[in-house]
Amino acid sequence: MQILAFGVQADEQPLIEEAFRGHHDVHCLDVFLTEDTAPIAAGHEIVSTSVNADLGAGVLEILAAGGTRMVAQRSTGFNNVDLVAAERLGLTVARVSYYSPYSVAEFAWTLAMAVNRRVVRASTRTRDFDFRLHGLMGRDLHGRTAGVLGTGKIGEAFARIAHGFGMRLLGWDVAENPACLELGMRYVPKDELLAEADLVSLHVPLMAETQHLIDANALKAMKDDAILVNSSRGGLIDTAALVGELRAGRFTGVGLDVYEAEAGLFFLDKSLEAIADDTLARLVTFPNVLVTSHQAYYTEDAVRQIVDATLRNVLDYRAGRRSENVLVPRS
Ligand SMILES: NC(=O)c1ccc[n+]([C@@H]2O[C@H](COP(=O)([O-])OP(=O)(O)OC[C@H]3O[C@@H](n4cnc5c(N)ncnc54)[C@H](O)[C@@H]3O)[C@@H](O)[C@H]2O)c1
């Protein structure tokens, strides 16, 4: 059977082809799944999609009408999937519930340290043989406080690294993680965490309850010189409110691997186009902001695990087996 994979990065394609060899033929496309590209899937029972795929009702209807019965999403987050519509259309939808949490946690730290120690600016300067230090002063994180919102797999991995730096740990989650408690994490209400943390890192999933978790009030509650890192989902932050705070000169640094309106921009080369998104255009102008294009997961280890899990999801579907990765049908 031929599987159609949307949104495949050039580095990812050989890993997909290697994993599926001997099982199924995979046709890899670099285009992302949208209403415009969905008709390409006609005749493919199984399609695989990437993180920013549009799996809303409209696209799912086009897929179902074209004969698709299964969608194998190559990500953990599934905020892009209309689960109700998928169920109504009788589709099977699976995701990858586990892969290296270290990939994302280590990247969240990369952003935190890059903005704290002004690494991008320093590199730009030395390339221009400007070896001054003015404006590059950072802060020790040892002895300071890390606030982790969402202490699941990635939040825990992030907290372990913070512990290694000698930071005090505050956590916020609907459920306490015993491994984080063992590290000395203290769970506190969100506002207390935001008021006390020198570094705030977001690791909760995006859902109705967490949409704009970091809104204007939450931003106001943070220390003026805090570092904010988001490697989870863009919708967790009210970006317009964040721009307002940055304009007022607040925050030591903000590292964003995700952006609430990233679909249609991230993963694509827009360098020759006029960017219509004024919020993003303004965001990247701040000297204390670093934006990356949803690359936290993008390590060889994580991508291999994602691809292997996607293959298992496909084989399970073909064999009528159910696993924890299946989102729809719900039971
Ligand atoms: N940037 C990237 O490349 C990338 C890659 C993978 C995952 N992610 C994001 O990271 C998120 C976290 O991944 P994970 O593997 O750690 O997930 P996880 O399920 O292990 O952890 C999520 C944590 O959030 C908590 N939580 C859920 N709803 C909550 C709520 N309403 N309020 C407070 N806490 C709540 C859960 O109790 C859990 O501890 C994913 O949902 C995904 O959006 C981003």
With the structure loaded, tell me whether Arg121 is in contact with a strand residue (DSSP E or B) (Cβ under 8 Å, 6 or more places away or on another chain), at pLDDT 95 or above and among the charged types (D, E, K, R) or whether it fails that test. no
Here the residues within the range 189-209 that are open to solvent by 10 Å² or more (accessible area, probe 1.4 Å), in contact with a Ser or Thr (Cβ under 9 Å, 6 or more places away or on another chain) and within 16 Å of the ligand (Cβ to nearest atom) are His203, Val204, Pro205, Leu206
Looking at the range 108-129 only, could you name the residues that are within 13 Å of the ligand (Cβ to nearest atom) and open to solvent by 30 Å² or more (accessible area, probe 1.4 Å)? Thr110
For the range 81-107, give me the residue count where each residue is part of a loop (DSSP other than H, G, I, E, B) and away from the ligand (no atom under 13 Å from the Cβ). 4
What is the residue count in the range 66-87 for residues that are over 26 Å from Ala296 (Cβ atoms), open to solvent by 30 Å² or more (accessible area, probe 1.4 Å) and touching a helix residue (DSSP H, G or I) at 6+ places or on another chain (Cβ under 9 Å)? 3
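Just checking, which of Lys220, Lys270 is open to solvent by 10 Å² or more (accessible area, probe 1.4 Å) and within 18 Å of Val148 (Cα to Cα)?
Lys220
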Looking only at the range 10-42, which residues are touching a residue at least 60 places away in the same chain (Cβ under 8 Å), farther than 24 Å from Asp82 by Cα and assigned to a loop (DSSP other than H, G, I, E, B)? Asp11, Glu12, His23, His24
Every residue from the range 247-264 that is modelled with pLDDT of 95 or more and either under 21 Å from the mean Cα position of the chain (by Cα) or farther than 29 Å from Asp140 by Cα (or both): Gly253, Val254, Gly255, Leu256, Asp257, Val258, Tyr259, Glu260, Ala261, Glu262
May I ask you to list the residues in the range 139-167 that are more than 26 Å from the chain's Cα centre (by Cα) and on the phi < 0 side of the Ramachandran plot? Arg139, Asp140, His142
Does any residue of the range 254-267 turn out to be assigned to a helix (DSSP H, G or I) and among the aliphatic types (A, V, I, L, M)? no
Tally, over the range 40-59, of residues that are closer than 10 Å to Val71 by Cβ and within 19 Å of the chain's Cα centre (by Cα): 4
Any chance you could count how many residues in the range 131-172 are more than 20 Å from Ala195 (Cα to Cα) and either of a type outside the set (Lys, Arg) or open to solvent by less than 70 Å² (accessible area, probe 1.4 Å) (or both)? 14
Flag if Ser271 is farther than 24 Å from Thr76 by Cα and either without any contact (Cβ under 8 Å) to a residue 40 or more places away in the chain or within 15 Å of the ligand (Cβ to nearest atom) (or both): yes
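Matching residues to (1) open to solvent by less than 10 Å² (accessible area, probe 1.4 Å); (2) hydrophobic (A, V, I, L, M, F, W, C); (3) touching a residue at least 60 places away in the same chain (Cβ under 8 Å):
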position: Leu242; (1), (2), (3): yes, yes, no
position: Asp257; (1), (2), (3): yes, no, yes
position: Ala302; (1), (2), (3): yes, yes, yes
position: Ser331; (1), (2), (3): no, no, no
Can you name every residue in the range 1-23 that is in contact with a strand residue (DSSP E or B) (Cβ under 9 Å, 6 or more places away or on another chain) and open to solvent by 30 Å² or more (accessible area, probe 1.4 Å)? Met1, Gln2, Gln13, Glu17
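Output the residues belonging to the range 315-329 that are assigned to a strand (DSSP E or B) and loosely packed, with under 14 Cβ neighbours inside 10 Å.
none
The values are calculated or read from the model by the stated rules, or taken from the named source; none is laboratory data. In this text, all values refer to a predicted model and were calculated from it rather than measured experimentally. Quick reminder, even Gly has a Cβ in these numbers, built from the backbone with ideal geometry, and neighbours come from all protein chains shown. When the accessible area is computed, the model is the full protein with side chains, heavy atoms only, and any ligands, DNA or RNA have been set aside. Shrake-Rupley method; radii C 1.70, N 1.55, O 1.52, S 1.80 Å.
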